[in-house]
Amino acid sequence: MDCLFVHSPKFNNYYRPLGAYTFINYMPMGVLALADLLTREGYETEVVHLGVEWIEDRGFSLLDYIGRTHPRIVAFPLHWHPQAYDVMEQARQVKEAFPEVFVLLGGLTASYYHREIVEQFSCVDAVIRGEGEIPLLRLVEAVRNSGALEQVPNLTWRRGEVVCENPLAYCASQEIVDGLCFTNFTLLKNHRTYIDWVLMPFFVKGFSKERNRLFFSLKTRMFDLMIGRGCPVNCTWCGGGRDAQRLIAGRRQVIFRDAERVLDSIREALRWGYETMHVCFDPYPQQPDYYLKLFARIREEALPVEFFFESYGLPTREFVDAFARTFGPRSLLALSPESGVEEVRRRNKGYAYTNQELWDCLAYIRDKGVKVDLFFGLGLPFERAEDLQETARLITRIRRHFPNVQGIRTFTIEMEPGAPWQRHPERFGIETNQLTFSDFSRIIKRKRRDLARSAIIYPGTSLISVRVPGRHSNRGCRRSGAAVFVLSIPMPAGRAHRSGGGCSAAPRP
């Protein structure tokens with residue numbers, strides 16, 4: 001075999017009422033596309049999802065599987081930072097057992113920390129930075145033919161004791177992205193399990209597949225639909241915004257896939273048994289022409305599909321009208337006000353809006369019969385304890401007036417590699433101990449999400465927010481988090497504290 005892709009979830013997580021669970025079960029949407037690209041170029045390729053293998057066979061051994069399949073390259077996607085410890089541990093074991101195997105990393109987190117990883121982790125032979133289609137093809141060819149690595153774009157690698165950084169010379173064009181296939185599930189080992197049972201970012205270990213689906217899913221098979229790449233704005237917490245993508249991938253413009261290629265992906269996903277398309281790519285919320293045309297084509301084709309669409313800002317009325325005409329009652333729009341305080345929202349979101357604009361938009365969506373999910377943040381830069389009360393009041397008003405709002409969820413904001421507040425904490429009144437890759441890996445290793453270690457205490461108030469497993473958006477906007485319950489418990493005054501590492505936000509000046 002030429003290349004074995006290995007997706008490793010974060011295996012060791014704990015939440016007291018439910019017990020142990022796996023996290024980061026969704027694969028990055030580009031993994032199947034890269035595997036398919038290699039296959040079409042004549043290279044033998046397979047994808048193994050260690051979480052899926054654990055579900056099907058608790059005794060599955062990656063090392064035994066490598067011993068049977070003999071891959072030249074083992075490629076670990078390291079896209080989201082909660083995977084860091086598990087991915088590096090798997091890479092270490094592979095290299096110790098098979099020193100001749102070329103161990104490769106890719107993804108946003110690996111790209112951001114590419115040099116540190118290659119310098120400090122001898123188990124990793126190379127990291128492909130940024131977007132990987134052409135770099136991966138050239139690397140696989142070089143490894144198969146014992147060729148030189150100097151001509152592989154975007155590659156950070158080791159020559160003896162010297163770390164080499166090849167130029168960041170490749171960033172995919174629309175033509176290349178249009179030629180990719182994101183639905184070749186035949187390349188994924190036990191793909192039926194992934195499609196039918198990996199329905200949320202987490203999987204509770206003590207529950208069966210059936211009970212996980214019953215209690216912890218949206219009761220629909222949801223496919224992450226690839227629409228495009230890039231972002232024109234920066235949100236303070238996001239490691240996939242404009243500046244991060246320029247730094248990590250050299251991407252300076254937004255590209256959209258051709259709508260007909262997107263329709264191909266929808267048709268193929270439906271044939272595999274998916275029912276709902278999840279879209280988290282909305283770089284121009286006030287310019288909906290692309291989606292208006294796509295929705296019109298879906299209606300023309302009469303495709304029996306639902307949509308879960310995450311808007312980066314507020315959707316226009318034209319967008320809402322088209323959404324209502326195109327999709328059925330199980331579809332919904334997701335909006336992320338983040339805070340009930342307009343100034344906090346303005347200072348953190350790339351596309352901010354007033355509370356009145358949010359209210360008017362919700363009213364229009366309600367009148368069109370479309371369901372909505374709302375997402376709020378907690379622990380935002382410049383946020384004060386009293387701002388949480390304002391957010392709570394806004395949430396209460398929304399619940400009273402908008403029965404079409406299906407869920408209102410509040411999440412603590414985690415530090416993301418490459419996010420503006422992680423790169424420049426001093427600009428946001430932030431103190432953080434999550435600066436290097438080793439910082440993230442060490443914190444992730446020791447973190448256990450039980451009640452005692454997952455609280456943020458707000459000084460001078462009676463509020464404790466408790467984190468529980470929740471949303472982890474692993475698509476375009478790299479934001480992770482956990483659901484929050486706010487409990488009224490008398491607390492002494494003191495400094496705000498976020499346990500288990502992370503950051504503390506200074507009061508707004």
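Annotations for the structure displayed:
- Residue that is nearest to Ala84 (Cα to Cα), among those in region 118-144 that are of a type in the set (Gly, Ala, Ser) and assigned to a loop (DSSP other than H, G, I, E, B): Ser122
- Annotation note: of Ala249, Ala334, the sole residue that is touching a strand residue (DSSP E or B) at 6+ places or on another chain (Cβ under 6 Å), within 30 Å of Thr109 (Cβ to Cβ) and modelled with pLDDT of 95 or more is Ala334.
- Selection count, region 108-117, where residues are part of a loop (DSSP other than H, G, I, E, B) and either among the basic types (Lys, Arg) or free of Cβ contacts under 8 Å to residues at least 40 places away in the same chain (or both): 0
- So Cys164, is it under 21 Å from Ile134 (Cα atoms), touching a helix residue (DSSP H, G or I) at 6+ places or on another chain (Cβ under 6 Å) and not polar (S, T, N, Q): no
- Out of Asn190, Asn166, Asn212, Asn234, sole residue that is outside the structural domain of Lys293 (by TED's automatic domain parsing) and more than 30 Å from Leu18 (Cα to Cα): Asn166
- Selection status of Leu137, more than 18 Å from the chain's Cα centre (by Cα) and either under 21 Å from Phe440 (Cα atoms) or of a type outside the set (Gly, Ala, Ser) (or both): yes
- Restricting region 145-159 to residues that are outside any loop (DSSP other than H, G, I, E, B) and of a type in the set (D, E, K, R), the residue that is nearest to Asp125 (Cα to Cα): Arg158
- In region 1-36, residue farthest from Asp224 (Cα to Cα) [restricted to those that are crowded, with 22+ Cβ neighbours inside 10 Å and aromatic (Phe, Trp, Tyr)]: Tyr21
- Looking only at region 40-75, and only at residues there that are among the acidic types (Asp, Glu) and more than 27 Å from the chain's Cα centre (by Cα), the one that is farthest from Met29 (Cα to Cα): Asp64
Conditions (1) in a loop (DSSP other than H, G, I, E, B); (2) at pLDDT 95 or above; (3) closer than 27 Å to Gly350 by Cα, marked per residue:
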residue	(1), (2), (3)
Phe281	yes, yes, yes
Pro285	yes, yes, yes
Lys293	no, yes, yes
Leu303	yes, yes, no
Phe307	no, yes, yes
Tyr312	yes, yes, yes
Glu318	no, yes, yes
Asp321	no, yes, yes
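Condition check ((1) surrounded by fewer than 17 Cβ atoms within 10 Å (Cβ to Cβ); (2) touching a residue at least 40 places away in the same chain (Cβ under 8 Å)) across all residues:
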position	(1), (2)
Gly240	no, yes
Val254	yes, no
Tyr274	no, yes
Gln287	yes, no
Tyr291	no, no
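- Answer residue from region 57-84, given it is at pLDDT below 95 and assigned to a helix (DSSP H, G or I) and is surrounded by the most Cβ atoms within 10 Å (Cβ to Cβ) among those: His81
- Residues in region 326-353 that are over 19 Å from Trp421 (Cα atoms) and in contact (Cβ under 8 Å) with a residue 60 or more places away in the chain: Arg330, Leu332.
- Residue list for region 71-103, filter: out of contact with any strand residue (DSSP E or B) (no Cβ under 7 Å at 6 or more places or on another chain) and among the small types (Gly, Ala, Ser): Ala84, Ala97
The values are calculated or read from the model by the stated rules, or taken from the named source; none is laboratory data. If you're wondering where the values come from, they're calculated on a predicted model, not measured in any experiment. Here Cβ is always computed from backbone atoms with ideal geometry, including for glycine, and neighbour counts include all displayed protein chains.
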